[in-house]
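The values are calculated or read from the model by the stated rules, or taken from the named source; none is laboratory data. As the structure is a computational prediction, the values presented were derived from the model and not from experiment. All Cβ positions, glycine included, derive from the backbone under ideal geometry; neighbour counts span all protein chains shown.
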Amino acid sequence: MARTPSTMLELGTKAPDFTLLDPVTNKQVSLSDFEGKPLLVAFICNHCPYVILIKEAFAKFAKEYQEKGLAVVAINANDVANYPEDSPEKMVEDVKEFSYNFPYLFDDLQEVAHQYQAACTPDFFMFDVDHKLYYRGQFDDSRPNTEIPVTGEDMINAANDLLAGKPAPEKQKASLGCNIKWKEGNAPEYA
């Protein structure tokens with residue numbers, strides 16, 4: 001696992017469009033399904049220790065903040081040929097185990113990850129109601145093998161500010177996690 005920071009896409013960037021498979025429902029989910037709603041796009045996977053550390057807290061955050069009006073979608077872009085634990089079948093198991101109440105989509109071609117300049121898991125992109133980038137960065141300061149507790153503080157603060165109509169937080173820390181597992185020859189220049 002290579003410790004990789006997020007690219008910190010420029011604030012105000014319009015959310016790149018996507019249409020991806022939800023392995024749980026076997027239906028396509030698109031950006032347009034979230035029109036008129038603030039949206040959190042989370043690049044996660046099943047096996048990354050950084051994601052495993054926050055899964056329960058992230059599922060709780062997503063449930064609470066969807067009730068407050070923030071739409072949530074997660075995307076797995078890892079190469080499942082080399083990382084079978086991230087396969088769509090295993091994604092379905094993860095959804096059930098952690099009670100995800102948001103779509104967990106599979107980016108088989110890795111094109112959506114490229115468009116978002118996603119670099120690591122977890123990598124978070126929070127968009128306002130017009131789908132302009134408001135926050136990108138970490139869930140909180142917790143990391144595997146540290147004593148720092150999982151609180152979701154950074155994400156909670158950003159979501160509260162967004163929903164209250166406040167300006168984007170000035171201080172935004174890059175997320176840190178495992179690099180996205182790119183297919184051979186598919187790693188982007190920014191990675």
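If the condition is being farther than 20 Å from Asn78 by Cα and either in contact with a helix residue (DSSP H, G or I) (Cβ under 6 Å, 6 or more places away or on another chain) or assigned to a strand (DSSP E or B) (or both), then segment 1-14 contributes only Lys14. Cβ separations smaller than 9 Å between residues 6+ apart or across chains give the following pairs from segment 86-97 residues that are touching a residue at least 24 places away in the same chain (Cβ under 8 Å) and of a type in the set (D, E, K, R) to residues that are buried (at least 17 other Cβ atoms within 10 Å of the Cβ) and in a helix (DSSP H, G or I): Asp94/Lys55. Here Leu162 meets each of (1) in contact with a Lys or Arg (Cβ under 6 Å, 6 or more places away or on another chain); (2) more than 26 Å from Phe106 (Cβ to Cβ); (3) of a type outside the set (S, T, N, Q) with one exception, condition (1). If you go through segment 1-32 and pick out every residue that is among the acidic types (Asp, Glu) and surrounded by 14 or more Cβ atoms within 10 Å (Cβ to Cβ), you end up with 1.
Counting only helices (runs of 4 or more DSSP H) that sit completely within segment 48-150, those holding 2 or more residues that are within 20 Å of Met8 (Cα to Cα) and in contact with a Pro (Cβ under 9 Å, 6 or more places away or on another chain) correspond to 49-67, 111-116.
The number of residues in segment 154-191 being over 30 Å from Glu85 (Cα atoms) and within 15 Å of the chain's Cα centre (by Cα) comes to 2. Here Val24, Val41 are screened, and the one residue that is touching a residue at least 24 places away in the same chain (Cβ under 8 Å) and closer than 21 Å to His114 by Cβ is Val41.
Residues in segment 33-47 that are touching a strand residue (DSSP E or B) at 6+ places or on another chain (Cβ under 9 Å) and assigned to a loop (DSSP other than H, G, I, E, B) were compared, and the one that is surrounded by the fewest Cβ atoms within 10 Å (Cβ to Cβ) is Lys37. Only one of the listed residues (Gln110, Gln66, Gln138) is at pLDDT 95 or above, surrounded by fewer than 19 Cβ atoms within 10 Å (Cβ to Cβ) and either out of contact with any Cys (no Cβ under 9 Å at 6 or more places or on another chain) or not charged (D, E, K, R) (or both). That residue is Gln66.
Condition check: touching a Leu at 6+ places or on another chain (Cβ under 7 Å), in a helix (DSSP H, G or I) and under 26 Å from Val129 (Cβ atoms). Does Ala159 satisfy that? For Ala159, the condition - touching a Leu at 6+ places or on another chain (Cβ under 7 Å), in a helix (DSSP H, G or I) and under 26 Å from Val129 (Cβ atoms) - is met.
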